[in-house]
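The values are calculated or read from the model by the stated rules, or taken from the named source; none is laboratory data. Because the structure is predicted, anything quoted here is derived from the model rather than measured. Backbone-built Cβ (ideal geometry, glycine too); neighbour counts: all protein chains shown.
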Amino acid sequence: MKFAPLLAAACLAGPAFADTFEEVKITAGETLFEAECRRCHATNPSDPSYGPPLENVVGRAAGSYPDYDYSIALEASGIVWTPAALRAWMEDNAGFMPGTKMRHVGISDRTVQDFILAYLQDISPQDNTTISE
């Protein structure tokens, strides 16, 4: 598993600062986000990035971040970024959304996806209690 060193480092660092498993997952997810997603996506809208910022992405309609030039396919998709939709996007965005502009290497490891999803949910503070996997 190519992410094993990152997961090990995140998990070793996490318990010193985390009280719960969920907090450890969020910490590991942030580490993995920085390694896999940050090259194109920021979390804070004030940080420069190639892709749209991902703060508050969970529960947001796909292709709806203001002033970002999305593909027609994504804007017209009608998709809401649920954990299941984000997981499918991480694994194979071009297969999930033919016609997307995003180039992506794919994250097929479900555990890595779980960690990144925990982080994305943490930085999406709106009420997402009705959003299901």
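Selection over segment 65-100 of residues that are surrounded by 13 or more Cβ atoms within 10 Å (Cβ to Cβ) and out of contact with any Pro (no Cβ under 9 Å at 6 or more places or on another chain) gives a count of 22. Does Tyr70 satisfy the criteria of being touching a His at 6+ places or on another chain (Cβ under 9 Å) and among the aromatic types (Phe, Trp, Tyr)? So Tyr70 does not fit the description; no. Contact annotation: residue pairs with Cβ atoms under 9 Å, 6 or more positions apart or on different chains, pairing a residue in segment 48-77 that is more than 13 Å from Gly99 (Cα to Cα) and outside any loop (DSSP other than H, G, I, E, B) with a partner that is modelled with pLDDT of 95 or more and among the hydrophobic types (A, V, I, L, M, F, W, C), are Ala61/Ile79; Ala61/Val80; Ala61/Trp81. Can you find a residue in segment 116-128 that is surrounded by 14 or more Cβ atoms within 10 Å (Cβ to Cβ), farther than 19 Å from Glu22 by Cβ, of a type outside the set (Phe, Trp, Tyr) and touching a helix residue (DSSP H, G or I) at 6+ places or on another chain (Cβ under 6 Å)? No - not one qualifying residue is present in segment 116-128.
Taken over segment 32-47, the residue count meeting the criterion of being free of Cβ contacts under 8 Å to residues at least 40 places away in the same chain and touching a helix residue (DSSP H, G or I) at 6+ places or on another chain (Cβ under 7 Å) is 1.
Of the residues making up segment 78-101, those that are of a type in the set (S, T, N, Q) and at pLDDT below 95 are Asn93, Thr100. A residue that is in contact with a Gly (Cβ under 8 Å, 6 or more places away or on another chain), β-branched (Val, Ile, Thr) and assigned to a loop (DSSP other than H, G, I, E, B) can be found somewhere in segment 125-132. Answer with yes or no whether Ala10 is over 13 Å from the mean Cα position of the chain (by Cα), modelled with pLDDT under 90 and either buried (at least 18 other Cβ atoms within 10 Å of the Cβ) or charged (D, E, K, R) (or both). Answer is yes for this residue. If you filter segment 35-64 down to residues that are more than 10 Å from the chain's Cα centre (by Cα) and hydroxyl-bearing (Ser, Thr, Tyr), you find that the one that is surrounded by the fewest Cβ atoms within 10 Å (Cβ to Cβ) is Ser46.
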